[in-house]
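Below you'll find the structure, written out as C-alpha cells, and then a few comments.
Coordinate-derived values only; no laboratory data. Remember, it's a predicted structure, so these values are computed and weren't measured experimentally. FYI the Cβ positions are ideal-geometry reconstructions off the backbone, even for glycines, and counts take in every protein chain you see.
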Amino acid sequence: MQIQVNGEQRGCQAGATVGDLLRELAIKTERVAVELNLEILDRKDFDHRSLKQGDRVEVMSFIGGGAPANVHGRGRGVVHAE
C-alpha cells in the first residue's frame with residue numbers, strides 16, 4: 001500500500017503499524033513526535049496504530065540548540081555589556 005511520510009510517497013506493508021514504520025526508517029522513538037492524519041500520537045500507541053492506504057504521517061525530531069545569551073540582538077542596535 002502507499003502512504004505519505006513527511007510529504008513523500010512511500011510503499012508500506014499492509015497491516016504495518018506506526019512503530020513498524022519508524023523501525024524500518026531507523027528512527028528512535030525517544031526524541032520524535034508523530035502525526036498521523038493530523039492527529040498527534042502518544043508514543044505508547046506507535047505499536048498499536050495500524051497504517052492504512054493513503055495515510056499521511058509526519059515525523060518530527062526534537063533538536064536542542066540555540067545561541068549563547070550574549071549573542072542575541074547583535075547587529076540590531078542592542079547594547080551588550082561584556
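Worth pointing out:
- Dimensions of the range 2-61 along the principal axes, based on C-alpha atoms and rounded to the nearest Å, stand at 26, 21, 20, largest first.
- For Thr17, residues with placed amide H under 5 Å, excluding near neighbours: Leu51
- Summarising the amide proton neighbourhood of Val5: residues at separation of 5 or more, or on other chains, whose placed amide H is nearer than 5 Å comprise Arg10, Val57.
- For the peptides 7-16, 33-42, 46-55, the ranking by packing is 46-55, 33-42, 7-16, with the highest mean count of neighbouring Cβ atoms within 10 Å listed first.
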